[in-house]
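Right, one structure below, let's go through it.
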Amino acid sequence: MTSVDIIRLMRVYFPRTFEDLIAYDFLLLTQVDMGFISPEQATWMYRAISEHGLGGANTRSVMSMNDYLGRPWAESILSDAFPNNAMAVLNSPYYPSPGAYGPFIVSDDESTAPVVRPLKDRIESLFPTYGGLLTVPRAGSKVHTWVKTTLPVGDTKPGHVPHLFEWNYQEGITFTMMDMVYNDFWKTNINPYALDIITNVIWHASHREIPEDALKVHALRDNFRVFTEQRLAVLSIFDFAESFGANTADLYLALGELNAEKSEADRLYLSGDFDDSYILLESAMEDLNTLADRAIGLKDQALAWVYVIEWLT
């Protein structure tokens, strides 16, 4: 993608007015190049956080290992709203440093929001070694995860470089991440809890309550995926049965009812009623399995009839 493409996309997709911007709940700034953000846009985002309470997160500490990208971020008013002291990072002799790698540590401080803490044992076992850019949290920051390093730096704990941390900035809550959203910690094929954590970040920064039972909500999200996959498998069985002359009209009616249950489970999930959503989706999945068995039985009957016809002819 060229600079011209980025400028065009910024013109098309960035909110045209400040009122349009504050209609959002959360800003995710991923390795931002401030050269493509006008001073007015930076001020709008700063005011959206500080005055109107939008949540936010910025990735990769100071956005880049290149000074020509990191320094404009550190010098911008927008950086002031985030918990990482970007200028201190740029001025550190340890930035960047190959020593900033080691075991992953999840905070067990119960005074922090349960963004990662309920998943502590699972997360730490996934990443015996991790690392990224140096971070320097500002005073008042709350750290959710660290990387234990050999560097003589760190916030709160010597040698521990914060990986994910937050603070309250005037009316807003913002986060800084040590790494990028495409690094291993945020990849669902490596960290199956990545979606849970980023969702918790967004909810907390948007002043919403985080679910109490993190593992149950994780299972619920996984069930949504499984239901979708099983539904596609059932539809393929329907198609196969129909190709041999089976009448699947009743099965489609039953599937329509299950789709309605799934939609209601979606609604309950989005409204924060996770327990009822979990119960309803579990029931729908059981009924979907039963429907699959019916479809297979119908397919077998159709095949048997085809065999009989061929044998008689």
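Read the figures in this text as sums done on the coordinates, not as results from a lab. Keep in mind that what you see is a predicted model, and the values were worked out from it rather than measured. Here Cβ is always computed from backbone atoms with ideal geometry, including for glycine, and neighbour counts include all displayed protein chains.
General observations
- Answer label for Rg and Dmax of the Cα atoms in Å (calculated), chosen among [x] 25.3, 87; [y] 28.8, 116; [z] 19.6, 61: [x]
- In terms of its C-alpha gyration tensor, the stretch 119-179 comes out oblate, because a/c is 1.5 or above while a/b does not outweigh b/c.
- Sites listed here are GluC sites (Glu not before Pro) in the stretch 21-103 whose DSSP assignment is loop and whose Cβ has at most 15 other Cβ atoms within 10 Å: GLU51.
- Taking the number of Cβ atoms within 10 Å of each Cβ as an exposure proxy, the fewest-first ranking of LYS262, LYS216 is LYS216, LYS262.
- Residue order, fewest to most surrounding Cβ atoms within 10 angstrom, among THR112, THR2, THR59, THR145: THR2, THR112, THR59, THR145
- Ranked list, fewest to most other Cβ atoms within 10 Å of each Cβ, for THR228, THR248: THR228, THR248
- Distance violations [Cα-Cα > 20 Å] among LYS142/LYS216; LYS120/LYS142; LYS120/LYS216; LYS120/LYS187; LYS157/LYS187: LYS142/LYS216; LYS157/LYS187
- Inter-label distance, nm, simple model (7 Å from Cα along the C-beta direction), GLU110/ASN259: 4.8 nm
- Take every Cα pair under 8 Å whose residues are at least 6 apart in sequence, average their separation, divide by the length of the stretch 214-312, and the relative contact order is 41 percent.
- Whether the stretch 71-144 is rounded, prolate or oblate, judged on the alpha carbon gyration tensor where a/c under 1.5 counts as rounded: oblate
- Projecting the Cα atoms of ASN66, PHE240, LEU220 onto the charge dipole of the chain, computed from C-beta unit charges around the Cα centre, puts ASN66 farthest toward the positive end.
- Taking a ≥ b ≥ c as the square roots of the eigenvalues of the Cα gyration tensor, the stretch 1-112 is oblate, since a/c reaches 1.5 or more and a/b is not larger than b/c.
- Each Cα pair under 8 Å and six or more residues apart adds its sequence gap; the mean of these over the residue count of the stretch 3-205 is a relative contact order of 23 percent.
- Chymotrypsin sites (Phe, Trp or Tyr not before Pro) restricted to the stretch 165-203 and DSSP loop, no more than 13 other C-beta within 10 Å: TYR182
- If R0 is 30 Å, the Cβ-Cβ spacing of ASP33 and VAL226 corresponds to a FRET efficiency of close to 0.15.
- Gain in span if fully extended, ILE6 to ASP20, counting 0.36 nm per residue against the direct Cα distance: 3.0 nm
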